[in-house]
Amino acid sequence: EGLSQKLGAALRAVEELPADCPVVFTDAYDVLFTQGESAMRKAFDAIKADLVFSAECGCWPQVTRDRGKTCRDEYPPSPTPYRYLNSGSWAGRASVAAKFLRAIGADATSVDFHKLNDQEL
C-alpha cells in the first residue's frame, strides 16, 4: 500500500552486515551509477559523514499538492540548488544505517507504518 516496506527490508539487510561495512541504498529505476565501488567508497570517505542522503531540486510529493510551498516555507536555505532530501538513495556504515532505520520506525510491524509513504517520513 505505502512505500515504507523497503525500509524494513533495508534494515534487515544492514543488520546482517559487519558494523563498519559501507552500504549504498537505492530504490529507484532512475538511478545510474557512473563510478565503480572504489570511486564511490573514496567519495563517501571524503565526505566524513556517518550517513549521506541524495537531494533534489524539487520537493516530492508536496510539489504535486501545493506546488512545493510547504517545503519552501519549512526547509532551510541550501548553498546548492539541491535543497530537498531524497529518501531514494543514501550511503553510510551498516551500523549507522541500522540505527537510523530503527529511529524512523523501519522495525515497526504495525499495519499503519506499512501504509506510510517513505517520501513523507
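The values are calculated or read from the model by the stated rules, or taken from the named source; none is laboratory data. Here the structure is a predicted model, which means the values were calculated and not measured. Each accessible area value is taken on the protein alone, full model and side chains, heavy atoms only, with ligands, DNA and RNA left out. Shrake-Rupley method; radii C 1.70, N 1.55, O 1.52, S 1.80 Å.
Some notes on this structure:
- Solvent-accessible surface of the range 27-66, taken per residue with a 1.4 Å probe and all protein chains present: 79 Å².
- Compactness of the range 1-64 is given as radius of gyration and Dmax, 14.2, 40 Å, from Cα positions.
- Gain in span if fully extended, residue 28 to residue 41, counting 0.36 nm per residue against the direct Cα distance: 2.6 nm
- Between residue 63 and residue 16, the contour length at 0.36 nm per residue exceeds the alpha carbon distance by 13.3 nm.
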